[in-house]
Structure formats: structure tokens, C-alpha cells
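The values are calculated or read from the model by the stated rules, or taken from the named source; none is laboratory data. Keep in mind that what you see is a predicted model, and the values were worked out from it rather than measured. Glycine also receives a Cβ, built like all others from the backbone with ideal geometry; neighbour counts cover every protein chain displayed. Note: areas computed on protein heavy atoms with side chains; ligands, DNA, RNA excluded. Shrake-Rupley method; radii C 1.70, N 1.55, O 1.52, S 1.80 Å.
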Amino acid sequence: MSLTISNTMTGTKEPFEPLEPGKVKMYVCGPTVYAESHIGHAMSAMVFDIIRRYLEYRGYQVMHAQNFTDVDDKIINRANELGISPDQLAEDMIHEWMVQTAQLNIKPATIYPRATQEIDTIIELISKLIESGHAYHVPGSDVFYRVSRFENYGKLSHRKLDEMIAGSRVDVDENKEHPMDFVLWKAAKEDEPSWESPWGPGRPGWHIECSAMIQRHLGGQIDIHGGGSDLIFPHHENEITQSETVNCGCSLARYWVHNGMVELRGAKMSKSEGNLVTIRELLEMGGAEIFRFMVLGSHYRSPVAFGEDTYDAARRGFERWTGAVRGLDRREVPASRPDHPLADAVDQAREQFEQAMDDDFNTPVALAALFDLARAINRELAENPEAPEVRFAQAGLQDLAAVLGLKLEERDASTGDSAPFIDLLVEVREKLRQSRQFDLADEVRDRLSALGIVIEDSADGSRWRRGS
């Protein structure tokens with residue numbers, strides 16, 4: 001089976017055929033660095049980390065670019081609130097992003113272009129758009145793109161221009177020729193960062209930076225353009241408009257790939273609503289691998305529900321995998337494939353894993369294949385924990401998990417392999433309560449509490465979590 005990818009542009013799954021055989025150019029929209037990044041940013045970064053890892057597993061050489069928007073109204077306003085320069089705020093947030101994504105085991109991008117480093121290319125692109133009549137400068141104000149000049153505006157979001165006007169909140173600007181025209185260059189305001197240009201001092205609009213970065217660093221055409229589904233309109237739509245105008249109609253990207261959103265207790269996360277979990281908070285919970293396990297449990301185009309119940313379920317699932325590699329020493333792994341049912345289980349898991357990932361990176365099905373392998377290993381571990389066949393299978397599970405970015409290592413009994421035993425004790429305690437042996441049930445609860453395990457009782461039963 002060949003690799004297929006869902007293409008937002010066509011709305012279908014298509015065979016993956018890169019522009020250049022064996023090589024993939026992938027551009028993923030990164031954060032606007034004005035505040036702490038949250039788990040929605042982490043999810044998107046993980047999705048494309050997983051896609052990249054699998055492409056590399058399949059033998060492709062991946063050129064991965066991820067940008068930073070480091071000049072923006074939000075950055076300027078936030079920096080003013082903090083009493084620091086916009087440059088300092090952006091630098092601090094970029095440093096934090098690099099540290100945190102490393103802790104999330106997200107591979108570094110090949111290149112991290114920044115908006116402020118692309119000014120020359122941005123000015124060059126805008127000049128070409130003005131020369132062709134697709135953009136216009138309002139004296140004393142901004143430079144805008146004329147959406148009416150782009151025949152297929154809306155082809156990515158599958159909407160018509162008239163429908164966009166009726167269904168969108170459009171900024172009222174008397175300088176615009178058309179309500180949907182968008183800014184390419186913003187005229188400078190007092191005490192704001194600015195650069196000299198043919199249209200006076202100013203700074204780039206949001207959308208033009210990505211077109212410039214792709215033009216400069218990736219040659220103007222790429223294989224995969226990625227980002228969250230919230231970027232389809234207007235950001236990616238406007239990127240297409242700018243880039244394809246400059247490049248004589250040539251497609252900006254062969255495949256448009258968009259991940260779903262994180263939903264926090266059933267509601268979409270939003271800075272404006274204040275219902276965010278930052279990456280810092282996630283890491284403080286010790287949840288880097290557990291969150292990745294959650295992300296893998298949903299197809300990348302679907303939303304990920306983040307809550308205590310889903311987090312605990314992911315933690316228990318991941319700990320069953322770490323339990324399956326207990327005692328593994330890679331030096332003890334047989335050099336050749338043993339003639340044993342466990343080796344057959346590894347082959348079957350690998351085949352099912354690859355079939356699932358080839359089908360639009362279907363990670364839930366890929367996880368199911370690895371769960372089957374983990375169960376087979378655990379059964380053999382119970383009977384013959386030192387067998388070389390077990391070590392062979394453990395190494396196979398560990399290697400396939402690594403393709404998904406999971407560091408599958410044996411955990412200390414106090415933090416990892418204890419989960420199944422805690423589940424058992426909670427179940428025993430529940431039965432003691434049902435038989436009205438409350439003294440014994442309380443003793444189980446108290447002993448677990450002394451070990452940092454908190455049991456919470458409700459009408460739906462008992463559940464446990466690790467205390468702070």
C-alpha cells in the first residue's frame with residue numbers, strides 16, 4: 001500500500017507523490033510569540049513531528065521549516081504591558097518554545113525563519129504584487145491585496161467571496177477597495193518597530209511572511225503545508241493568493257494538511273475565553289509523553305479532548321506499554337530473528353502499523369497494533385521474563401513506538417509499572433466497600449495515600465490520580 005494523505009484543497013485522500021522523488025519540503029505555521037504557548041500549539045507541533053518521523057521512517061529526506069511570527073500587534077501590546085521591548089519579548093518566547101518542544105520530544109525543524117529576518121523578501125514580493133496590479137498602496141496608509149483580482153479566492157476553504165463577506169467579521173477600513181482585501185504592509189505608528197520600504201516605514205502584515213519564507217527558503221513550491229484547521233481561512237487562503245499570483249499560478253503546496261483542535265473539557269481552547277493549559281503546566285504535570293499518547297489516540301484531523309479522565313486513560317495506556325519493556329537491555333536482544341511466535345507478533349504489528357500510517361497517518365489504528373504486541377509480550381513476560389525472544393519483541397515494540405516519538409523505557413515501580421497494581425487495589429477496595437468492609441477499604445485508601453496516590457469516590461465509582 002502506498003502512502004496517502006488527506007488534502008484540504010481537494011477534500012480527498014490522495015497518493016503521496018513529492019515534487020522531487022525521495023525528498024519532502026514541509027512548511028508548518030508556528031506560533032505568534034507574544035505569550036506562553038499552550039497545549040493546542042503543542043498538539044499541532046506533535047502532529048507534524050509524527051508525520052515527519054514517519055516520512056523519514058519510510059526513507060524520505062525531509063526539509064522541515066517552522067516559522068515564528070515575531071512582529072505583530074499582539075507582541076507590541078503585550079511588550080508594552082510588561083514594560084519591555086517587543087524584540088525582547090519575542091526572543092524570550094522563542095527561547096521558551098525551543099526548550100519546551102525539546103522536552104516534548106519534538107524534533108527540531110530544519111530551519112526556523114522569523115518574520116523580522118525576511119523583510120527584504122517581503123518587500124520584493126509586495127513590489128511584484130503592486131506591479132502586476134494585484135495590490136495597491138493607499139498613500140499615508142497601508143498596502144493591500146486586491147482579492148477581486150484572484151479568480152479562485154476561497155478555493156482552500158471552499159467558499160465564495162460573497163459568502164465570506166456575509167459570514168465573516170470583516171475589519172471596517174475606509175482605505176480598502178473591497179471589504180475582504182487584506183494588509184500586506186502596515187504603515188508605521190509611533191513607538192512601534194518599523195522598517196524602511198518604498199511605501200514608507202512600516203512592518204509586514206501577517207500573511208505575507210509565510211509566502212516570503214517559502215519563496216526564500218523552499219523555492220516557492222512545497223510538498224506539504226501544515227497548520228491548525230483554524231488557519232485555513234484567512235491565513236492559508238491568503239498565502240495561496242499571494243504566492244500563486246507571484247509564481248504565475250503555480251500551486252504553493254501539493255498537499256494542504258490541517259490538524260484538529262484541542263478541546264478542553266468539551267470546549268475549544270481559546271485565549272479570549274481564558275480556558276488554556278500551557279505547555280509549562282503540562283510539563284510540570286510530568287505529562288509530555290502522556291500528552292503525545294493522547295494526541296496519537298485521535299486521528300490528527302480530529303479534535304483531542306483534554307480533561308482529567310482522558311489524561312488518566314492515556315497515562316494508564318502508556319504505562320502498560322512501559323510495563324511491556326520491563327527488564328529490557330538492548331545488549332541482550334538477539335542479532336537475528338528468532339523462530340518464535342513473538343517474532344511473528346512483531347512482524348504482524350509492524351505490517352499493521354505501516355498499513356495504518358500509510359493510510360493518512362492513522363495513528364489510532366497504529367496504536368491498536370502496538371497494543372496487541374504489548375499484550376503478547378506481557379503474556380510471555382509472565383512465564384519467561386528472561387527469554388531472548390522476549391527481548392527481541394520488546395526491542396521491536398520500542399522501535400515502532402519511537403517512530404511515533406514515544407520514548408518507551410522501563411519505568412521505576414513507584415511511577416510507571418505500578419499503574420496496573422494500583423488499578424487492582426482500587427478494584428479490591430471497591431469490592432470491600434460493596435461488602436461493607438469499610439475498615440479494610442479505608443486502610444487500602446490510606447496506604448495508597450501515603451504513597452502519593454489519591455482515590456476519589458463518586459456515584460460512578462472510584463478513580464485514582466497521583467497527588468501533587
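Kindly indicate whether Ser336 is open to solvent by less than 60 Å² (accessible area, probe 1.4 Å), polar (S, T, N, Q) and not in a helix (DSSP H, G or I).
Taking the combined requirement at face value, the residue does not satisfy it.
Quick one: in the stretch 75-85, of everything that is open to solvent by 60 Å² or more (accessible area, probe 1.4 Å) and in a helix (DSSP H, G or I), which residue is nearest to Val295 (Cα to Cα)?
Within the stretch 75-85, the match that is nearest to Val295 (Cα to Cα) is Arg78.
When you go through (1) open to solvent by 30 Å² or more (accessible area, probe 1.4 Å); (2) modelled with pLDDT of 95 or more one by one for Tyr27, which number turns out not to apply?
(1)
What are the residues in the stretch 110-123 that are in contact (Cβ under 8 Å) with a residue 24 or more places away in the chain and of a type outside the set (A, V, I, L, M, F, W, C), if any? Quick ask: steps written out before the conclusion?
Step one: list which residues in the stretch 110-123 are in contact (Cβ under 8 Å) with a residue 24 or more places away in the chain, which gives 110-116, 118-119, 121-123.
Selection gives Thr110, Tyr112, Pro113, Arg114, Thr116, Glu118, Thr121.
Scan the stretch 403-420 and give yes if some residue there is assigned to a helix (DSSP H, G or I), under 27 Å from the mean Cα position of the chain (by Cα) and at pLDDT 95 or above, otherwise no.
yes
Checking the condition open to solvent by 30 Å² or more (accessible area, probe 1.4 Å), polar (S, T, N, Q) and either at pLDDT below 95 or within 17 Å of Ala212 (Cα to Cα) (or both), which residue from Gln103, Gln88 passes?
The unique qualifying residue is Gln103.
When the residues of the stretch 183-202 are narrowed to those that are open to solvent by 10 Å² or more (accessible area, probe 1.4 Å) and assigned to a strand (DSSP E or B), which ends up farthest from Leu156 (Cα to Cα)?
Top of the filtered list is Trp195.
Hey, among Ser211, Ser229, which residue is open to solvent by 10 Å² or more (accessible area, probe 1.4 Å) and at pLDDT 95 or above?
Going through Ser211, Ser229 in turn, just one is open to solvent by 10 Å² or more (accessible area, probe 1.4 Å) and at pLDDT 95 or above: Ser229.
Would you check if Val143 is among the β-branched types (Val, Ile, Thr), within 22 Å of Ile232 (Cα to Cα), in contact with a helix residue (DSSP H, G or I) (Cβ under 7 Å, 6 or more places away or on another chain) and open to solvent by less than 30 Å² (accessible area, probe 1.4 Å)?
no
Does the stretch 51-74 contain any residue that is modelled with pLDDT of 95 or more, of a type in the set (Lys, Arg), buried (at least 22 other Cβ atoms within 10 Å of the Cβ) and under 30 Å from Asp358 (Cα atoms)?
yes
Name the residues in the stretch 296-315 that are surrounded by 15 or more Cβ atoms within 10 Å (Cβ to Cβ) and in a helix (DSSP H, G or I), would you?
Across the stretch 296-315, the qualifying residues are Leu296, Thr310, Tyr311, Asp312, Ala313, Ala314, Arg315.
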